[in-house]
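Throughout, read-outs are computed from the coordinates displayed, never taken from laboratory work. It should be emphasised that the depicted structure is a prediction, and the values quoted were computed from it without experimental measurement. Positions of Cβ are backbone-derived with ideal geometry, glycine not excepted, and every protein chain shown enters the neighbour counts.
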Amino acid sequence: MTDRKVEFYRHDLGDVELESLKKTIGSVFLTTGPRTAEFERALGEYLGVPHVIGVSSCTDGLMLALSAFGVGQGDEVITTPMTFIATPNAAIYVGATPVFVDVDPATGLIDPDAVEAAITPRTKAILCVHLYGQMADVKRLRQIADRHHLVLIEDSAHGVEMRRDGAAPGQLGDAAVFSFYATKTITCGDGGAIAVRDSQINERLRRLRNHGMTKDAASRYTGTYKHWDMVELGFKCGLSDIDAAVLLPQLARVDQRCDSREAAVRRYEQRLADLAGTRLLRWTGRSAHHLFTVLTPPGRRDELLDALGKRGIGVAVNYRAVHLLTFYKERFGFRPGAFPHAEEIGDRTLTLPLYPWISLDDVDYVAEQYRSLAGGEAA
Ligand SMILES: Cc1ncc(COP(=O)(O)O)c(C=O)c1O
């Protein structure tokens, strides 16, 4: 037994972020203002999507996006149970019902055929999730949404870097929503953004993040005072200039950091792909590689989680299938067996340490520890 430790995640915020923060703290504006606008422009350019609205979290952003497209009481939102609870919770916040469909067992991504089969006259939106940074099949989901006149929202909490079929999040969906939570690929501790193409939806989202007011603080206090009105019931969930100051420098190195995570993922795969009983999910093209997970031999996940933790390796579970969590079971009556592929992943998935500056030596060490515990070596 050694005292070597490999943390689950480490941020690399440092001097450039401090310099950027100094500029904001030395200015008069701290809340949603010029730095937020600068970040919104920069992220919009990076994504190739015309409007980006900074918000306080991805959770709030999902709720706002659903509200902006008029999804509410009595509506159904088709989504995946292989996600973080924030995804279906957002549908419930606006009064809608999340309708789960199963995932593709090879990738863990929502299955477009299952989506189409679940559409009813009450369906208003499809809320897909780009799991671990691998984009769902947004091209097919767009076709399905158009055929049935549905809104398509992309939960893109797991990265801004991902691309599929030449499209970035927000280019095919009606809205893509990002997270800048502490462990995400760019972070300010807590924050989020929504990318949209429609200018009216953009304006509505700007109002909705600010109580439903017609003027935000920047426009109220720049120049002479002007009255504002409240035209609809909004929320208080903007991204502050302080958050934007921390995020802005990270955007400049986002691709380089993604390449480094990809190199670590490829190394994990080289070291683990041959193990009998362990399975790896498939990814292709440009994944954001937010998380690297293995599917452990059936029935052994919790034991391996515990044993790796005891050996000083930071591990997590992303995710146990949402429909089997207590609230969802009690509210909607779900039982095991409802979505077998999501449940299989939920029972077997184990997340290993991954961040851009993890050394390949640490990756080898983690893989070696996993191998020695999980077994399955060829004889
Ligand atoms: C898939 C998914 N959606 C939504 C969220 C919520 O993000 P936030 O913490 O920014 O609200 C998360 C957070 O981890 C997530 O993983």
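Some points to look at:
- Applying the Karplus relation 6.51 cos²θ - 1.76 cosθ + 1.60 with θ = phi - 60° to the stretch 87-98 yields 3J(HN,Hα) values of 5, x, 4, 4, 5, 5, 4, 8, x, 8, 10, x Hz, where x marks Gly and Pro.
- R0 of 30 Å, Cβ-Cβ distance residue 217-residue 89: FRET efficiency to nearest 0.05: 0.60
- FRET E, pair residue 378, residue 330, Förster distance 41 Å, beta-carbon r, rounded to 0.05: 0.35
- By average C-beta atoms within 10 angstrom, highest first, the peptides 3-12, 140-149: 140-149, 3-12
- Using θ = phi - 60° and Karplus 6.51 cos²θ - 1.76 cosθ + 1.60, couplings along the stretch 155-165 (whole Hz; Gly, Pro as x): 7, 10, 4, 8, x, 9, 7, 6, 9, 8, 6
- Counting only DSSP beta bridges with both residues in the stretch 79-171, the antiparallel share comes to about 20 percent.
- The chain, helix-only ellipticity at 222 nm - DSSP H runs n ≥ 4, -39,500 (n - 2.57), divided by all residues, nearest 500: -11500 deg cm²/dmol
- Relative contact order [Cα under 8 Å, 6+ residues apart], the chain, whole percent: 23
- Potential lengthening between residue 146 and residue 30 on full extension [0.36 nm per residue; Cα-Cα distance subtracted]: 37.7 nm
- Comparing mean-square fluctuations of 338, 117, 276 from a GNM of the chain with C-alpha springs under 10 Å, the top value falls on 117.
- The distance separating the Cα centre of the stretch 99-115 from that of the stretch 299-362 comes to 18 Å.
- Distance (nanometres) between label positions extended 7 Å along Cα→Cβ at residue 357 and residue 266: 2.3
- Max mean-square fluctuation residue, GNM over the chain, Cα-Cα springs under 10 Å, options 292, 180, 235: 235
- Charges were assigned to the Cβ only: +1 to each Lys and Arg, -1 to each Asp and Glu. The resulting dipole of the stretch 254-374 about its Cα centre is roughly 300 debye.
- Summarising the strand pairing of the chain, around 55 percent of its internal DSSP beta bridges are antiparallel.
- Residues 330, 232, 17 arranged by fewest to most Cβ contacts within 10 Å: 330, 232, 17
- Charge dipole of the chain about the Cα centre (unit charges at C-beta), most positive-ward option of 80, 148, 239: 239
- On full extension, the segment bounded by residue 19 and residue 197 gains 60.8 nm, given 0.36 nm per residue less the C-alpha separation.
- Gaussian network model of the chain, Cα within-10 Å springs - most flexible of 222, 123, 83: 222
- Total lysine pairs under 20 Å (Cα atoms) in the chain, excluding pairs fewer than 8 apart on one chain: 4
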